[in-house]
Amino acid sequence: MSNHHKSRRYHLINRLFSYELRSIFRDPAVLMFCVFVPLGYPLLYSFIYNEEVVREVPVAVVDDNRTGLSREFVRKVDATADVNIVAHCADMAEAKALVRERKVYGVIYMPTDFTRSLARGEQVSIGAYADLSGMLYYKAILTAATNVSLDLNARIKVERMPSTTNEQDRVTQQPIAYEEVSLFNPQAGFATFLIPAVLILVLHQTLLLGIGILAGTDRDKGRNRLLRPLVKTPTALASAVAVKGMAWLLVYLPVSVYVCGVVPHLFSLVQLSSPLHMACLFVPFLLATIFFAITISYFVRHREAVILLVVFSSVIFLFISGISWPGSAIPPVWKAVGYILPSTFGINAFIAMNNMGASLMDVRPSLILLWVQAGIYFLTACASLWGRARETRQ
Amino acid sequence: MIQVIRRELRRMATQPLYWLSMVVFPLMATLFFTTLMGEGLPEQLPLGVVDEDHTSTSRSIVRNLSAFQSTATHIAYANPTEARKAMQRGEIYGYYLIPRGTSREAQLQRVPTVSFYTNYSYLVAGSLLYRDMRMMSELASGAAARTVLYAHGATERMAMAYLQPIVIDMHATGNPWINYNVYLTNCLVPGVFGIFLFMIPIYSLGTELKWGTSGELLRTARGHISHAVLGKLLPQAIVFLLVGTVIVLWLYGYLRFPCHGGILSMWIVMCLYVLACMGWGVFLFTMAPTLRLGLSLASLWGVLSFSICGMSFPVMAMHPVLQGLTWFFPLRHYFILYVNSALDGYPLLNAWPYVACLLCFALLLPLCLPRLRTVLERYCYVA
């Protein structure tokens, strides 16, 4: 009899597996969110941020000094990659008018006594103004002005030294030299910084949407009672959830390869990890996300409602993961909320391995937590399915 | 029309999804962002230090480094490899390397090199640490020279004028503290709000088709399509306007975010934004008159708004095609109006083209009506 039962159960599992796959591929909404969005959306995002950095920010100059040295400073600022001087204004009022029309994003002001103070051996300050409408504008203007001032400072220092040798000049300019190295994102670019997190989030959110839509459809069509035979015994329930998970995993492994393997390659983003190591991350990440999605799909009243529940959370999940806003500055409450989400560990581990070349050992805490989440959410997913099956719908 | 309004109010009251997405989620998101970035500027970021020099000079560099605002008390590592590994584990955002013999060589005037490594995978944290470490390197150089100058009898003022003849006095106008909460929340909150502003009109019109109640709706409106649609949108608009008002009051009244043009102008901008987004939502539904497609388009638009509005990554650095597309995103206009009115304090009229754009979005509604009638009369629900 046990053989008969076994073969019946295998038969049931097989049918459930193919049923789940069929419903994924037959539902236009699920197809759109789980195939087309992962296909297209990362491309669109990479296209937006493809330039990585902002160059030639338009800036106005007010030169109240009008000497050779002040003009040299302005010329050198103009020559930097960051800033483009588009207007020389007679006074601040004129410059402000340009800011007001948003023709320039910042103003550099050379004070009247610029050259005279320098000749007297006094310190002189150059005003630089930018509104904080974009951090990158501010950064570009600050970087350009600072670099030029350091350059001129070094020269002025040497000029002030009484007759010296070249070697002594070099020491005077900078007794201790320094070297700056940007690791893992050499050009400090925006795409390299943001895209990897977005890629993981695309997988996470589309899974929540896809699984939620299917659950909502079941409820719409009153199919939840069909789940009843699946939840009769704990083993049947567990295998039903596992089979669901496996079906989604089968669909999402190739999607993940495309989203996190092919897309970064297409846009020449950093890729430092090996496929095998990536698999060690993606299996627990996808499982945790799938079971998390099955869990929360309990709350989906009907098919389209899930879109309203999930889409807005993307930005919140992104910030909670500690990529945009440094993790060390996130208040404990929100950090705790972040521990609930598979995306938090998925994003951090993916960036560590893919962008920073971390080994599996380095990201071990994240991987362990993802497996723990997968385990816990497996149980809650069972509870969710059980609850749905017991529901009687009007 | 009163009947339609009453009917819509009943629908809104009986479905928790309406209240969640019209009131609870937008306000929750506001609370989330304002508390998440409550610090304003991230402080005490963990930084690694590799001090192979072990002299009083190197120790003083390290001490000074941890005195900076953004930099946390450093974590010492024995060698660069250890520091790099800590960086890969995500424990530190950067490290400062003082090689063996730095101070000896500085005294011998052999120009030693110190170096610092910044992890730009975390752009904000990386940039802040970079600023501190670079400043420190300049100071380290200066400190060596300053000792000599003092010995020659220079006063501090003379010494500083010699070491740094030109200084840059950088002003972030409108947000002088470089408060990231002000910088980001001002755009993220309307962005999240916008997602619901797009979606709720679509949802409420689409569910009429889904539940086969569109005929009943038209009957209640006595066949006037304008009454039917306006009657449905009016209660939603009122709730959204109230939520928008709460957000404006919370940001500019309670948290005292800079609002140089006066809170009234920001309130007007917010109201325009609410109406514009709702208008655009109806337009999207008219273009794609199924619940699923409409909501999908709305989510695409809503999520894309964050990137394309130019708050994080400037529009001028995007592909020209995308620069043109920005005009179709209400959040872009909201952002420019916010910069104009709240940050820079210019009157609203100064940025009238953007006000006009928002109005155009809202005025899409009458254009949609004829087609909406066809949709509500003839179309049926597609899963």
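Laboratory data are not the source of any read-out in this text; all were calculated from the coordinates shown. This structure is a prediction, so every number in the text was calculated from the model and none was measured. Cβ sites come from the backbone with ideal geometry, for glycine too, and all protein chains shown count toward neighbours.
Starting from the Kirkwood radius over alpha-carbon pairs of region B:12-89, derive D by Stokes-Einstein at 20 °C in a medium of 1.002 mPa s and give it in µm² s⁻¹.
132 µm²/s
What pairs in A:221/B:210; A:76/A:139; A:6/A:232; A:139/A:335 have C-alpha atoms more than 19 Å from each other?
On the way: A:221/B:210 12 Å; A:76/A:139 17 Å; A:6/A:232 16 Å; A:139/A:335 29 Å.
Violating the 19 Å limit, Cα to Cα: A:139/A:335.
Could you give the alpha-carbon Rg of chain B over 2.2 N^0.38 Å, rounded to two decimals?
Cα-based Rg divided by the globular estimate yields 1.35.
Would you mind giving the three semi-axes, in whole Å and largest first, of the ellipsoid equivalent to region B:153-221 according to its Cα gyration tensor?
Numbers: eigenvalues 837, 14, 9 Å².
Equivalent ellipsoid of region B:153-221: 65, 8, 7 Å, largest first.
Where does each of A:314-324, B:253-263 land if you order them by average Cβ count within 10 Å, highest first?
A:314-324, B:253-263
Could you state the orientation-averaged shadow area of the convex hull built on the Cα atoms of region A:1-132, in nm² to one decimal?
Averaging across all directions leaves 16.0 nm² for the Cα convex hull.
Let me check I have the definition right: for chain A, take the eigenvalues of the Cα gyration tensor, multiply each by 5, take square roots. What are those semi-axes in whole Å, largest first?
60, 23, 16
Sort out for me the Cα centre separation of region A:14-57 from region A:133-164, rounded to whole Å.
Cα centroid to Cα centroid, the span is 46 Å.
Taking θ as phi - 60°, what are the ³J(HN,Hα) couplings along region A:339-346 by the Karplus curve (6.51, -1.76, 1.60), each to the nearest whole Hz, with x for Gly and Pro?
5, 6, 8, x, 4, 4, 6, x
Using only alpha carbon pairs under 8 Å that are at least six residues apart, calculate the relative contact order of region B:48-163 and give it in whole percent.
It rounds to 26 percent for region B:48-163.
Using modelled backbone amide H atoms (1.01 Å from N, in-plane), which distant-in-sequence or interchain residues come within less than 5 Å of residue A:125's amide H?
Those qualifying (amide H under 5 Å, at least 5 residues apart or on another chain) are B:167.
What share of all Cα pairs of region A:238-394, in percent, falls into each consecutive 5 Å distance bin?
2, 8, 15, 19, 21, 16, 10, 5, 2, 1, 0
Given a cut-off of 43 Å, what percent of all Cα-Cα pairs of the protein assembly as shown lie beyond it?
36 percent
Say the dipole of the protein assembly as shown comes from +1 at the beta carbon of Lys and Arg and -1 at that of Asp and Glu; which of B:307, A:86, A:260 then lies farthest toward its positive end?
Farthest along the dipole direction, towards plus: A:260.
What whole number of Å gives the distance from the Cα centroid of region A:202-272 to the Cα centroid of region A:165-191?
What the calculation gives is 50 Å, centre to centre.
Between region B:353-375 and region B:112-136, how far is it from one alpha carbon centroid to the other, in angstrom?
49 Å
Got a sec? How would B:5, B:178 order by Cβ neighbour count within 10 Å, fewest to most?
In increasing order of surrounding Cβ atoms, one gets B:178, B:5.
Taking 20 °C and 1.002 mPa s as the conditions, I'd like the Stokes-Einstein D for region A:57-173 in µm²/s, using the Kirkwood hydrodynamic radius from alpha carbon pairs.
Result for D is 143 µm²/s.
Defining a contact as two alpha carbons under 8 Å apart and six or more residues distant in sequence, what relative contact order in percent does chain A show?
With pairs under 8 Å counted, the relative contact order is 20 percent.
At a 10 Å Cβ-Cβ cut-off, how would you order A:91, B:51, B:169, fewest neighbours first?
Neighbour counts put them in this order, fewest first: A:91, B:169, B:51.
Please report the orientation-averaged projected area of region B:200-330, defined via the convex hull of its C-alpha atoms, in nm².
One quarter of the hull surface, i.e. the mean projection, equals 9.7 nm².
Alpha carbons only, please: Rg and Dmax for region B:48-163, in angstrom.
15.1, 49
Any idea what the relative contact order of region A:57-173 is, in percent, if you count C-alpha pairs under 8 Å spaced at least 6 apart?
28 percent
In what order do A:232, A:76 fall by count of nearby beta-carbon atoms within 10 Å, going from fewest to most?
Listed from fewest to most nearby Cβ atoms, that is A:232, A:76.
Could you give the dipole magnitude of region B:48-163 about its Cα centre, charging the beta-carbon of Lys and Arg +1 and that of Asp and Glu -1, in debye to the nearest 20?
About 60 debye.
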